[in-house]
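Since the structure comes first, as structure tokens, the remarks are kept for the end.
The values are calculated or read from the model by the stated rules, or taken from the named source; none is laboratory data. As the structure is a computational prediction, the values presented were derived from the model and not from experiment. For neighbour counting, all protein chains shown are included, and Cβ atoms are generated from backbone atoms with ideal geometry for every residue, glycine included.
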Amino acid sequence: MGNWKMNGRRQEAQSLLSAVVTHAASFSDVDVVVCPPYVYLGLAVERLADCPGIVCGAQDVSAHADGAYTGEVSAAMARDIGCEFAIIGHSERRTLCGETDPVVAEKFARALAADITPVLCVGETAKERDAGRTREVVLRQIDAVYAACGTRAFERAVVAYEPVWAIGTGRAASPDEAQAVHHDIRGAVAQRNPEAAAGLRILYGGSVKAQNARELFACADIDGGLIGGASLVAGDFIGICQAACFKSA
């Protein structure tokens, strides 16, 4: 899953999409989601329409269904334009926009109601990790969604573990560190819904590169990646997608 964040212009978006489409055959066994800024979603949906296995996702959706919320985009609107996924609760939204666990859970519910697969982002800060609170923080964020959506919440959802201290820093969690948290996430879901846990895709996000992707994706509970900066460089993103092929083989 490539998250472009607030980067690029129309020409860059077209070039990135064209490169991904051109090389799609080299990672045909991998599900790929491209999440451009909202202003380029129409362009992306149109460009990817005839490329099986590559779909579009929104970087966020509103916690409100519709109404007088200037500047917001509802989940129903995102679905209407062609989004199949939506990133929910990214750490930058939590930190910069003050999104709390209940707000994130409400957005998760709105996505499900609009027939969009929510990609719930969870993760701890460096301070929380140093205090030994990683598991506590991550499971609290999972529990907030259960409180809002019930035990079936993750039957049609994705979870992305993105340690805040690793995002855009060049410092990725080691495969063992990432796997331990992914295992905890799957275990927490299994306690409430074993079938959902077995089918749940858990992605790792945090300085994933073509050079470290294959080692990360080899871990038992790491099912793919939520890619930030590397998704803005066609060769890097394509290399990561190709690395994921070894997971699906």
For A230: the one exception among (1) at pLDDT 95 or above; (2) under 21 Å from G57 (Cβ atoms): (1)
Output the residues belonging to region 117-141 that are touching a strand residue (DSSP E or B) at 6+ places or on another chain (Cβ under 7 Å) and either over 22 Å from V33 (Cα atoms) or among the charged types (D, E, K, R) (or both). V138, Q141
Looking only at region 201-211, filter to residues that are within 18 Å of the chain's Cα centre (by Cα) and surrounded by fewer than 20 Cβ atoms within 10 Å (Cβ to Cβ); which one of those is modelled with the highest pLDDT? R201
Can you pull out every residue in region 21-39 that is more than 18 Å from the chain's Cα centre (by Cα) and crowded, with 18+ Cβ neighbours inside 10 Å? A24, F27
Residue under question is C51, and the condition is that it be part of a loop (DSSP other than H, G, I, E, B), surrounded by fewer than 23 Cβ atoms within 10 Å (Cβ to Cβ) and of a type outside the set (F, W, Y); does it hold? yes
Residues of region 66-102 being closer than 15 Å to D143 by Cα and either crowded, with 17+ Cβ neighbours inside 10 Å or modelled with pLDDT under 95 (or both), which ones? I88, G89, D101
All but one of (1) touching a His at 6+ places or on another chain (Cβ under 7 Å); (2) of a type in the set (D, E, K, R); (3) closer than 15 Å to T117 by Cα hold for E72; which doesn't? (3)
